[in-house]
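The values are calculated or read from the model by the stated rules, or taken from the named source; none is laboratory data. In this text, all values refer to a predicted model and were calculated from it rather than measured experimentally. Here the Cβ positions follow ideal geometry from the backbone for every residue, glycine too, while neighbour counts run over all protein chains shown. Side chains are part of the model used for accessible areas, which takes the heavy atoms of the whole protein and leaves out ligands, DNA and RNA. Shrake-Rupley method; radii C 1.70, N 1.55, O 1.52, S 1.80 Å.
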Amino acid sequence: MSKRILVALAASLLVVGAGWSAMAQKEAPPAIDSVKAKLAREVFAQMKARWRNNEAYNLEELELWSTHILEAELDAAANAEQRVAAYEAQIKRTADIAAAAKAYAKSGQGLDSDALAAEYYRLEALSQSATGR
């Protein structure tokens, strides 16, 4: 390619990149984060329903989506009160999962390792809430 074509191509890419950047800035990040939180809550609810119905599940994925909810809610939070509510919701989700995993393991329907992992995630949620991270 000639130097002139490369310069023209580079200039075109800069213009296109600037256009994408301007478009991305039009949608406010809190609105995106609220949508992300809503989507994560829906994925989590569907996964939890499969778990409760004794269908195939993966505790790690359930925890991951619970954490995605927390992160999106924290990103969307406009004030400290909303951040506290996000942490409290995460603590409740992980406590519910830990209680169910323990009951499943005790009844023989689940694995002891899932009950232990769920308890770890519950404690992690408490730790995150206390430290704000």
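What the table below lists for this structure:
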read-out	value
Set LYS38/LYS106; LYS36/LYS92; LYS48/LYS92 screened for pairs whose C-alpha atoms are more than 23 Å apart	LYS38/LYS106
Carbon and sulfur %, accessible surface of the range 22-133 computed with the full protein complex present, 1.4 Å	57 percent
Surrounding net charge for LEU39, when Lys and Arg each add one and Asp and Glu each subtract one, Cβ distance under 14 Å	-2
Peptides 113-125, 80-92 ordered by average Cβ neighbours within 10 Å, highest first	113-125, 80-92
Sequence ranges 59-71, 41-53, ranked by mean other-Cβ count within 10 angstrom, highest first	59-71, 41-53
Whichever aspartates and glutamates have a C-alpha closer than 18 Å to that of LYS102, once near sequence neighbours (fewer than 8 apart) are set aside	GLU55, GLU60, GLU61, GLU63, ASP112, ASP114, GLU119, GLU124
Cα gyration tensor shape of the range 51-117, rounded if a/c is under 1.5, else prolate or oblate by comparing a/b with b/c	prolate
